[in-house]
Amino acid sequence: MSATTAAGAAARARRPVPPEIRRRRLLLSVANHSVAIALSIAFLLPFLFILATSLMTNQQALSPNIWPHPFVWSNYKTVFESFPFVRYTLNTVTYAGLATVGVLLSCVPVAYALSRLQWRGRQAAFILVLSTLMLPPQVTIVPLYVIFVRLGWIGSLKPLIIPLFFGDAFTIFLLRQFFMTIPQELSDAARVDGASELQILLRVIVPLAKPALAAVALFQFLYSWNDFFSPLLYAGNNPDSWTLAVALQQFTTLSRGVLWNLQMAASLLFMLPVIVIFFFAQKVFVEGVTLTGVKG
Amino acid sequence: MATTAERPAAALEQASTAARRRRRRRAARHRQLVALAFMSPWIIGFCAFYVYPMISSLYFSFTKYDILSQPKWVGLANYRFMFTSDPLFWVAIRNTLWIIAIMVPLQVLFGIVTATVLTRIKRGLPFYRTVFFLPTMVPLVAAALGFIYILNPAGPVNRVLGVLHLPEPLWFVDPRWTKPGLTLIGLWGIGQVMIIFLASLLDVPRQLYEAAELEGARPWQQFRYVTLPMISPVIFFSVLIGMIQGFQYFTQAFVVSKAGDRTNEVGYPQDSLLFYTSRLYQQGFEGFHMGYAAAMSWVMFVVIMACTVVLIRSSRRWVHYQGGFR
Amino acid sequence: MRRRLIGLLALALLAAACTAGGGGSDKPAATVDPNANHAPLTLTVWSDFSARELGVVTAGLKMATQKYPWMTIKHVGSKNDQDIQRAVNGGTPPDVAISFTPDNAARYCDTGAWQDLNPYLQSSKVDKAKVWPEGVFSYTSFEGKQCALPMLTDAYGLYYNTDLLKKHGISAPPKTTAELADMAKKLTEYNPDGSIKVAGFMPLVGFYGSTTANTLSHAYGAKWYDENLKPTLTSDPNWTKMFTWQKAMVDAVGYDKLQRFAAKLGGANSEFSAQNGFETGKIAMMMDGEWRNAFIEGDKSKVNYATAPFPVDPDQPGLYGSGQIGGTIGGVPKGVKHPAESWLLLQFMTTDNTYLTTIAHGLKNVPSTFESLKDQQLQNDPRFKPFLDVFANQQSTFKPITPIGQTDTDLMNTFTQKWQAGKVPDLQAGLKQVEDQIAKQLQLG
């Protein structure tokens, strides 16, 4: 709220509120809250259904019953026993973790060059970066697959991780937007002091950009955690390299006929780490998402 | 004309200007090199993972190629087949257009609606925001599987509908209801879009609303003439991203089609879920017509570019930027 | 500057052209002396078996290790044809590949994804005609290349619930499709709200995998292609007869009711679970493969049932006793690291009669070699014998295989789903469209 409206609100607060308007405001508030609550229920219900199904026996899962009877908590244990859940989690953490590191290492200098350095071709380069955002991955997928076959990387997570050490358009875009909001005076002052560009980047910009870096890191981690198509294509052949997303979909086919109760239990286990991270890092997420939309 | 006395002075001037110019040029070149050094990871990545594969795939699009053997040049045969002979190409186009014309607008609308609801909440906003945003954390595969179960013809949603004496569609088994079913998944994951709209809505200056109210504008008029123009950049952004993602829609459709029975065709039932990328996947990675898949991908690229340009051009007419320039 | 760009472009194109293309070379068919000593080696076998069936085959493969002690076998299940093809393309194929979809054999032969086994058969002195019945070659070879061999085979027939038949006064299974339609109507029971309680017969295509337009086509002797591989869906009148009969069966109960009944049973996923509609007594008569016997046993289902050949067109009584045959095939993919050893293992898996009869008992599949077909245990099983007879029947066939693999059955399935839902007003026009689609896809290759 800007200064004028704050003063206005304070002024309004001091005036006595007639009862009709108070009642109207209460009704409106109730109405708004009811809609919000209804929407909340709608958004939460699928989670509850999934949770409920994960605790049923397989027979019950196929039947119209909504409430588990009895509660089969051992389903979660069965998931760990039925397939190497730990290895898949490790693969997913490796992929997501290394991807995040790679993206930060490569995109920060690039975003810096695009936002705080003057050089010939900067505008063209930025347009090229943006254009890769619009390029559908389907165009490059076949040749990339062939390249990775020749390199012998198919069946491992290398095709997923290594390209991210060479930049990622979305991250570059986000970081550039944020870097541009840092006042030039800070850089200029450091330049006058004789600092090299690298030193300015590391000592001035990066500390100030921590919220953006955190947002970007979280986005990349989340994206890699949930990624399905690329791990399926590049690592799908080798079950030792599966990530959780691929394993979950393949798990559908482990026995002829889906075991819905185990499927839902595995899905919940897959979602859990991300949801936990989200609860602890909510602010970063929301700020980061805002960064993409509003400032863009 | 300089005199003899001024000539050495002028020469000195010229020499120092030349030196300054040389220094400036060296400094500029130094700056250029530093910038390029900073850009180097991206430059390498761009050439290796974008330029080279793009040229490669353009080449493949003119060949018959199944990876096992050498590509065979066939000229425009792939493109000709695509537009005249591919039995399911136009089906895929129609399905993809459904997403862009129906699902994306619905998602944007729902994002605005939910964000608007949240702007009126004074207490407990963080709670609601968390709840609305939570579904976007769910991996697409898990979300699809969850909804397959929930929208099972004998599942919970239909039971509730039955209790309310409403018709119970067969959802992912009935081709008329499969895309609406996918839309439900899309709406469930509206949180990210909603957050952006929420920030934008809260950014609208209150004076505008007060001014409108003073002029006697009703709430919906305020919405139409104050809110909408103010959030139009975000609408533009959401529609643009939604459109680009809509062309690439794949994972949910793939998981839903195959979950009922692994041997189902991609696009089951009755090709209602055969989207453009699904068709590409079918031909490229199930039928192993790699050249044809490459051709399809280039057509898709051109179409996306064209639609993006059209959207951006049209945006000049209805998008209002507070700052004044893009 | 522009010239430099064009030069770079040309270079890139050239590089692309050079690095494209496949790997692997064709070596002469060297074989391994089965009796000689050999360094220890682990071979991977990929198949689509899962759960109980996976266990049966893995146990059977231990016999190979008994015969060749230096060989360790790693059997990986739930690998369908696309997984195998991707592995071949990726240069990391399994040493032996097993597929449930012989439709793809023609493409494997055509593209060389699976190696031609004729040189190996010659080197190992295996006389094809003496080992395998004529019928199996129709779905394992294409244009002279024998890129696959059968590992057991399948036959389709009718399963019927004897209790339910007796309950409604029916003593013998139907022999014609007209009788089937009649009996199905009698056997269908309804709930008070009008929904189906027990289905006499499940005519829906797209529910269980054994009931497809393809499997039903054998009841009418309908042919897919002529000798020139041109589709004959409109020129062969038997297709129209079959589809008309199928739709009548669906409409007799109601498409919507049948779909809801299918959903209540657990959808297509319940086919191989213990909730299978036939095994739980909810479906009275069903078309299925001979393996269902093993599943009924393995799921400990209490259904009292018998089997018989599937009913046929009343106008073609001579067809009775035949049906669809053809099943699991195996091959040596292109690019395997030890082709001679792969062939040795494949030879074992397709010709060793002790192995074949053992897994035939466990899977309840029809044996594929002349020798294993003589197995008494299977011959004397009254519920299994009808399938052996179907396999032996000269009119039993597999669908002709083409380089487009399963695309034709996929297109046909999509059409059938539309047809049974009542979305196709003109059957002939609809069939013509499918014909065109198949012909066009054949063009692409």
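A short reminder: the numbers here are calculations on the coordinates, not readings from a lab. Keep in mind that this is a model prediction, so the values were computed, not measured. Methodologically, a virtual Cβ is constructed for each residue, glycine included, from the backbone with ideal geometry; neighbour enumeration extends over all protein chains shown.
The ranking of C:Phe272, B:Phe223 by Cβ neighbour count inside 10 Å, starting from the fewest, reads B:Phe223, C:Phe272. Each 10 Å bin from 0 upward holds the following percent of the Cα-Cα pairs of the range C:163-298: 11, 39, 35, 12, 3, 0. Cα centroid separation, the range C:85-116 to the range A:165-198: 53 Å.
Quick one: net charge around C:Glu290, please, counting Lys, Arg +1 and Asp, Glu -1 for every other residue with C-beta under 12 Å from its C-beta. Walk me through the intermediate numbers first.
Details: positive: C:Arg292, C:Lys364, C:Arg383, C:Lys385; negative: C:Asp154, C:Asp288, C:Asp381, C:Asp389.
Combined, the nearby Lys, Arg, Asp and Glu give 0.
From the Cα gyration tensor of the range C:33-139, with a ≥ b ≥ c the square roots of its eigenvalues, which class applies: rounded if a/c is under 1.5, or else prolate if a/b is larger than b/c, or else oblate? It comes out rounded by the Cα gyration axes.
Using a Cα-Cα cut-off of under 18 Å, which aspartates and glutamates could be cross-linked to C:Lys74, ignoring same-chain neighbours fewer than 8 residues away? Candidates past the 8-residue exclusion: A:Asp240, C:Asp48, C:Glu53, C:Asp83, C:Asp95, C:Glu341. According to the Cα-based calculation, Rg over Rh for chain B is 1.15, with Rh computed by the Kirkwood formula.
Under a Gaussian network description of chain C, with springs only between Cα atoms under 10 Å, the residue in C:Gln417, C:Gln246, C:Gln376 that fluctuates furthest is C:Gln376. So if R0 is 51 Å, what FRET efficiency would C:Ala30 and C:Asp226 give, r being the distance between their Cβ atoms, rounded to the nearest 0.05? It comes out at approximately 0.80.
One compactness figure for the range B:1-132 is 2.26, namely its Cα radius of gyration divided by 2.2 N^0.38 Å.
Send over the Kirkwood Rh of the range C:190-240, from the inverse of the averaged 1/r over different Cα pairs, rounded to one decimal Å.
The Cα-based Kirkwood calculation yields 13.3 Å.
Contact order for chain B, expressed relative to its length and based on alpha carbon pairs under 8 Å spaced 6+ residues apart, stands at 26 percent. Taking the empirical scaling 2.2 N^0.38 Å for compact globular proteins as reference, the range B:148-225 has a Cα radius of gyration ratio of 1.75.
Secondary structure note: in the protein assembly as shown, about 65% of the DSSP beta bridges are antiparallel.
If you wrap the tightest convex hull around every Cα atom of the range C:133-175 and split its volume per residue, you get 111 Å³. All other residues whose Cβ lies under 10 angstrom from that of A:His33 are scored, Lys and Arg at +1 and Asp and Glu at -1, for a net of +3.
So if R0 is 25 Å, what FRET efficiency would B:Arg123 and B:Glu210 give, r being the distance between their Cβ atoms, rounded to the nearest 0.05? Could you put the intermediate results ahead of the total?
Details: r = 23 Å, r/R0 = 0.93.
With a Förster radius of 25 Å, E is 0.60.
Which whole-number value in Å³ per residue fits the convex hull of the alpha carbons of the range C:126-233?
Working: hull volume 18.5 nm³, N = 108.
Convex hull of Cα atoms, per residue: 171 Å³.
A prolate overall shape is assigned to the range A:80-293, the ratio a/c of its alpha-carbon gyration tensor axes (a ≥ b ≥ c) being 1.5 or greater and a/b exceeding b/c. For chain C, count the residues as N, evaluate 2.2 N^0.38 Å, and divide the Cα radius of gyration by that value, please. Cα Rg divided by the expected 2.2 N^0.38 Å: 1.07. The Rg/Rh ratio for the range B:6-60 is 1.48, where Rg is the radius of gyration of the alpha carbons and Rh is the Kirkwood radius. Here the protein assembly as shown is described by how far its Cα atoms reach on the three principal axes: 120, 87, 53 Å, from widest to narrowest. Ranking C:Ala439, A:Leu45, B:Leu311 by how far each Cα lies toward the positive end of the dipole of the protein assembly as shown (charges on Cβ) leaves B:Leu311 at the top.
Any idea what the dipole of chain B comes to, in debye rounded to 20, about its Cα centre with Lys/Arg Cβ at +1 and Asp/Glu Cβ at -1? All intermediate terms of the calculation are to be shown ahead of the outcome.
Working: 31 positive and 14 negative charges, 342 e Å.
The calculation lands at about 1640 debye.
Regarding the range A:17-76, what's the average projected area of the Cα-atom convex hull, expressed in nm²? Display every interim value, and only then the final one.
Details: hull surface 24.1 nm².
Orientation-averaged projected area of the Cα hull: 6.0 nm².
Take the alpha carbon gyration tensor of the range C:224-371, find the square roots of its eigenvalues, order them as a ≥ b ≥ c, and report rounded if a/c is under 1.5; if not, report prolate when a/b exceeds b/c, else oblate. In terms of gyration-tensor shape, oblate. Residues considered: A:Leu55, A:Leu222, A:Leu130. Largest GNM mean-square fluctuation over chain A, using C-alpha springs under 10 Å, is found at A:Leu130.
Convex hull volume of the Cα atoms in the range C:94-148, per residue, in Å³?
Numbers: hull volume 4.9 nm³, N = 55.
Dividing the Cα hull volume of the range C:94-148 by its residues yields 89 Å³.
A crude spin-label estimate for the pair C:His38 and C:Lys385, with each label 7 Å from Cα along the Cβ direction, gives 4.0 nm. Each stretch of four or more DSSP H residues adds -39500 (n - 2.57); spread over every residue of the protein assembly as shown, this sum gives -18000 deg cm²/dmol at 222 nm.
Relative contact order of the range B:47-187, please, whole-number percent, based on alpha carbon pairs below 8 angstrom and at least 6 residues apart. Don't jump to the answer; show the numbers that get you there.
Working: 65 pairs, mean separation 19.2, N = 141.
Dividing the mean separation by the residue count of the range B:47-187 yields 14 percent.
As a quick test, which of the pairs B:Lys64/B:Lys258; C:Lys167/C:Lys302; A:Lys77/C:Lys79; A:Lys210/A:Lys283; C:Lys264/C:Lys300; C:Lys125/C:Lys334 have an alpha carbon distance above 18 angstrom in this structure? Violating the 18 Å limit, Cα to Cα: B:Lys64/B:Lys258; A:Lys77/C:Lys79; C:Lys264/C:Lys300; C:Lys125/C:Lys334. Pairs of Cα atoms nearer than 8 Å and 6+ residues apart set the relative contact order; for chain A it is 28 percent.
First measure r as the distance between the Cβ atoms of A:Arg87 and B:Arg22, then evaluate 1/(1 + (r/R0)^6) with R0 = 51 Å and state the FRET efficiency to the nearest 0.05. Before the final figure, lay out each step's value.
Numbers: r = 62 Å, r/R0 = 1.21.
Result of the calculation: an efficiency of 0.25.
Taking C:Ala36, C:Ala294, C:Ala262 as the candidate residues, the one with maximal mean-square fluctuation in a Gaussian network model of chain C, Cα springs under 10 Å, is C:Ala36.
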